[in-house]
Amino acid sequence: MTEQALICLVDCNNFYVSCERVFRPDLNDKPVMVLSNNDGCVVARSQQVKDLGIKMGVPLFQVQHLVNQHQIQLFSSNYTLYADMSARVMSLLEEFTPRMEVYSIDEAFLDLTGVYPCYQDPIAYGQRIRKTIARQTGIPVCVGMGPTKTLAKLANFAAKKWKQTGGVLDLTDPVRREKLMKIVPVDEVWGIGRQTTKRLNQLGIQTVWDLTIQPPKTIQAQFNVVVARTVMELNGTACLDLEDVAADKQQIVCSRSFSRKLTELDELSRALSEYCTRAAEKLRRQQSVTGCVSVFIRTNPFAVQDPQYQRSATVKLDAATQDTRTIIRVALSSLTAIYKPGFGYQKCGVQLSAIRPAASPSQFDLFDLSCEGTPPDNTILMQTLDTINRRFPKAVTIASSGFDNSWKPKAERISQRYTTDWRELVIVR
């Protein structure tokens, strides 16, 4: 007899907000928002803020009146803190399963198939996970379980929405599954986006159950194989396996809004050089090389009274590289080509694509006399640069980044790095 699979999704509740509240317990049960880079948009909300109808991604200035009226506590994004808290949560979750996929900074899939004592009482095991994470990190989580990843996602959604579940829901039972699916809108299914929902609604498919009873072949014919697999997953047939090792990124993008409008090419060049440096570091961290560099610049689309301009440029490299200096040289050449004076630029960025493992063989140009895109001496130089900067963050920079950082994004409400910097530890009186 084949053992039924049991996949579990552990998802941190309002993760960024929860991280801030761990060190500011006075903010529990009060409205809290975390803002994006440059303090521009809302990227995390407490339940109290959600109840006010404030949406994710909305610019702060559009809801400033609600912030003032309800005394909403604002924080700048503190990614150093969030990354460290995430690592602590994920480390604890590894104790509950032999197989785990870290899906995002605040979510992880756990394969609990046959795990003792989970198979005896999955709900009790889920509660044990919740209590362990809460006790040892202070982060609240919800737990959803099911035979597939899609059902685990759906269960987690319901565990968060309905408090009577106690934050843990198991959708292994088909009867319970059907009952839930008949009251949940189809757009809550993992992977069903806005446009697909619109088309499904036009076909009379309103709830998750409506989608579940559709023949997969019919759905594939009308949509695509991805939606058809979703239907199979909703029916308990696993189509998505756990990825024990995170796949390398196929694109790396580094961009930020500026704290003020930049008008001069020199200032834009310094900002772009720094973004290229960060992107190259990410590239080397996954031991890859890039074969294509894209650059974009744009003005502020919300400043409707100002002249608007945006442009991008892409350069395919003759030889793939992971050398920061080569990436910066290509990016700055593109920037010079698309830059136009007379505009106040709000944002620029770089995208690395055509990414492949550095160790994989590549197709060389017949007339290219170099034996590899990145000469060995440059590789060693970049490795040395990364080693120094890991130990002493941003200690070594490329000269083109300059020393004037007044363009950098605002982070006026950033909290302390409570867990990663001795100088910013919490003081207990």
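Brief remarks on what is shown
- With all protein chains modelled, accessible area of residue 169 [1.4 Å, Å²]: 20
- Think of a 1.4 Å ball rolled over the protein heavy atoms: the stretch 194-263 then has 62 Å² of accessible area per residue.
- Ordered by solvent-accessible area of protein heavy atoms (1.4 Å probe), largest first, the residues 65, 70 come out as 65, 70.
- With all protein chains in place and ligands, DNA and RNA left out, the 1.4 Å accessible area ranks 179, 408 as 179, 408, largest first.
- Gyration tensor verdict on the stretch 49-201 (Cα atoms; rounded if a/c is under 1.5, prolate if a/b is larger than b/c, oblate otherwise): oblate
- A Cα-only calculation for the stretch 43-99 places Rg and Dmax at 16.0, 49 Å.
- With K and R counted +1 and D and E -1, the other residues having a Cβ less than 11 Å from that of residue 270 yield a net charge of -4.
- The chain: antiparallel DSSP beta bridges as a percent of all, rounded to 5: 85
- When exposed loop sites are taken as chymotrypsin sites (Phe, Trp or Tyr not before Pro) in a DSSP loop with at most 16 other Cβ atoms within 10 Å, the longest stretch of the chain clear of them is 163-301.
- Carbon and sulfur %, accessible surface of the chain computed with the full protein complex present, 1.4 Å: 52
- About its Cα centre, the chain has a charge dipole of approximately 1160 debye under the convention of +1 per Lys or Arg Cβ and -1 per Asp or Glu Cβ, with nothing else charged.
- The eigenvalues of the Cα gyration tensor, multiplied by 5 and square-rooted, give the chain an equivalent ellipsoid with semi-axes of 40, 28, 24 Å from largest to smallest.
- Other residues lying with their Cβ under 13 Å from the Cβ of residue 294 contribute a combined charge of +2, Lys and Arg counting +1, Asp and Glu -1.
- Secondary-structure-derived ellipticity at 222 nm for the chain, considering helices only, amounts to -11000 deg cm²/dmol, per-run term -39500 (n - 2.57) for DSSP H runs with n ≥ 4.
- In a simple Cβ point-charge model (Lys, Arg +1; Asp, Glu -1; nothing else charged), the stretch 82-163 has a dipole of about 380 debye relative to its Cα centre.
- Counting only protein chain heavy atoms and rolling a 1.4 Å probe, the accessible areas of 199, 135, 429, 24 rank, largest first, as 429, 135, 199, 24.
- In Å², nearest 10: area of residue 282 left accessible to a 1.4 Å probe: 70
The values are calculated or read from the model by the stated rules, or taken from the named source; none is laboratory data. Please read all numbers here as calculations on a predicted model, not as lab measurements. Glycine also receives a Cβ, built like all others from the backbone with ideal geometry; neighbour counts cover every protein chain displayed. For the accessible areas, the whole protein counts, side chains as well, though only heavy atoms, and no ligand, DNA or RNA atoms are used. Shrake-Rupley method; radii C 1.70, N 1.55, O 1.52, S 1.80 Å.
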